[in-house]
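The values are calculated or read from the model by the stated rules, or taken from the named source; none is laboratory data. Since the structure is predicted, the reported quantities are computational estimates derived from the model, not experimental observations. Don't worry about glycine lacking a Cβ; one is built from the backbone with ideal geometry, like all the others, and counts go over all protein chains shown.
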Amino acid sequence: MNTKVLNNLFRVPPGKKVRLKDYDPAWMGTKEMRRLGKDVLKEKAKAFLEENLAHLATAQELLWASDTYSVLIVFQAMDAAGKDGLIKHVMSGVNPQGCQVFSFKKPSPEELDHNFLWRCARRTPERGRIGIFNRSYYEEVLVVKVHPEILESQKLPPGKRGKSFWQRRYEDINTFEKHLARNGTAILKFFLNVSRDEQKKRFLERLNNPHKHWKFSEADVAERGFWKDYMMAYEEALSATSTPWAPWYVIPADRKWVSRAIVAEIITSTIASLDLSYPSVSKEQKVALGKARKRLEAEK
């Protein structure tokens with residue numbers, strides 16, 4: 001499946017009102033693809049992923065060498081959607097020196113003394129690098145919107161916290177991302193769309209496996225009680241903040257091999273679309289390189 005088709009299937013068009021029920025978390029390809037059967041499709045997806053990882057490694061080297069653009073990749077999802085595993089697999093072929101991953105959890109006292117974008121803004125990737133945000137400033141219009149009592153700890157000026165408050169936060173995010181894009185950061189945002197039933201299955205797997213107990217928190221189960229609130233918050237955020245310069249992609253996440261293959265393709269094709277090239281060498285540099293070559297060849 002080519003990139004244009006993937007974009008049409010999963011990219012949220014700017015200005016579109018998102019309804020998550022229109023996106024199948026268990027998507028497994030087109031009707032023609034599904035005729036091949038799950039096992040065949042899974043093997044094809046793995047091969048597709050491996051091919052893209054090789055292309056991604058080459059694209060990253062070119063990104064680094066050109067030193068003009070950076071890439072910011074944002075992952076948002078409900079718990080157990082597979083963010084950690086996806087980052088591990090998709091970025092496995094990338095040079096660690098050119099990639100940085102940040103996971104954003106509960107804000108620290110220092111971070112609460114700044115605006116809600118600050119802690120993420122200071123970790124955006126420099127030119128030539130790929131930056132990955134495992135959760136991000138979007139938490140401020142997702143979990144905080146579902147639990148507005150969190151706002152009490154944010155030391156905000158007095159004011160109403162109604163619809164206009166959240167709209168201003170969306171505007172702040174869009175303006176921030178536009179500033180990054182204008183200055184050479186390509187932004188990709190992925191919402192890993194896992195179903196409630198699949199999340200339950202994965203939680204039970206963690207509880208039944210002693211080696212995965214460390215990944216489980218009672219709070220994870222408690223948050224399931226707010227599932228509808230979270231889905232509404234996601235729909236509103238995706239609708240308000242998918243822009244030409246920072247698009248959202250709703251990625252089916254019930255099957256990890258599907259989400260990994262799709263995300264790898266979109267990242268690789270996005271970097272390729274930047275039309276990067278290796279730095280040119282001046283005449284003086286070419287002369288110096290020629291001298292260096294002769295000197296090395298003359299060594300015994």
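Before moving on, here are some points about what is shown:
- The lone exception for S217 - which of (1) closer than 27 Å to F10 by Cα; (2) over 23 Å from the mean Cα position of the chain (by Cα); (3) among the hydroxyl-bearing types (S, T, Y) it fails: (1)
This table checks each residue for (1) under 41 Å from the mean Cα position of the chain (by Cα); (2) surrounded by fewer than 18 Cβ atoms within 10 Å (Cβ to Cβ); (3) part of a loop (DSSP other than H, G, I, E, B).
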| site | (1), (2), (3) |
| --- | --- |
| V258 | yes, no, no |
| I267 | yes, no, no |
| Q285 | yes, yes, no |
| G290 | no, yes, no |
| E297 | no, yes, no |
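- Filtered by the rule that a residue be touching a helix residue (DSSP H, G or I) at 6+ places or on another chain (Cβ under 8 Å), of a type outside the set (F, W, Y) and in a helix (DSSP H, G or I), the stretch 103-145 gives E111, L112, R119, C120, A121, E140, V141, V143, V144, K145.
- Taken together, L180, L192, L188, L142 contain a single residue that is buried (at least 16 other Cβ atoms within 10 Å of the Cβ), of a type outside the set (D, E) and touching a Lys or Arg at 6+ places or on another chain (Cβ under 7 Å), which is L192.
- Restricting the stretch 142-165 to residues that are among the polar types (S, T, N, Q) and in contact (Cβ under 8 Å) with a residue 40 or more places away in the chain leaves a set whose member that is farthest from T241 (Cα to Cα) is S153.
- Whichever residue in the stretch 201-221 is under 10 Å from A80 (Cβ atoms) and of a type in the set (F, W, Y) and, among such residues, is modelled with the highest pLDDT: F203
- Set side by side, the residues G131, G184 differ, and just one is at pLDDT 95 or above and at positive phi, which is G184.
- Residue check, E198 crowded, with 18+ Cβ neighbours inside 10 Å, out of contact with any Phe, Trp or Tyr (no Cβ under 7 Å at 6 or more places or on another chain) and farther than 28 Å from T58 by Cβ: yes
- Helices (runs of 4 or more DSSP H) within the stretch 15-102 that include 3 or more residues modelled with pLDDT of 90 or more and surrounded by 14 or more Cβ atoms within 10 Å (Cβ to Cβ): 38-66, 83-90
- The residue that is farthest from the chain's Cα centre (by Cα), among those in the stretch 105-143 that are of a type in the set (F, W, Y) and closer than 18 Å to R161 by Cβ, is F116.
- Cβ pairs under 8 Å, 6+ apart, first in the stretch 258-271 and under 10 Å from F48 (Cα atoms), second among the hydroxyl-bearing types (S, T, Y) and in a helix (DSSP H, G or I): E265/T3
- There is no residue in the stretch 259-268 that is at pLDDT below 95 and over 29 Å from F10 (Cβ atoms).
- Apart from one condition, Y278 fits all of (1) modelled with pLDDT of 90 or more; (2) part of a loop (DSSP other than H, G, I, E, B); (3) hydroxyl-bearing (S, T, Y); (4) over 17 Å from the mean Cα position of the chain (by Cα); the exception is (1).
- Being over 29 Å from S92 (Cα atoms), free of Cβ contacts under 8 Å to residues at least 24 places away in the same chain and of a type outside the set (D, E) is a property that A237 lacks.
- Answer from R123, R169, R119 - the residue that is free of Cβ contacts under 8 Å to residues at least 24 places away in the same chain, more than 15 Å from F191 (Cα to Cα), touching an Asp or Glu at 6+ places or on another chain (Cβ under 7 Å) and of a type outside the set (D, E): R119
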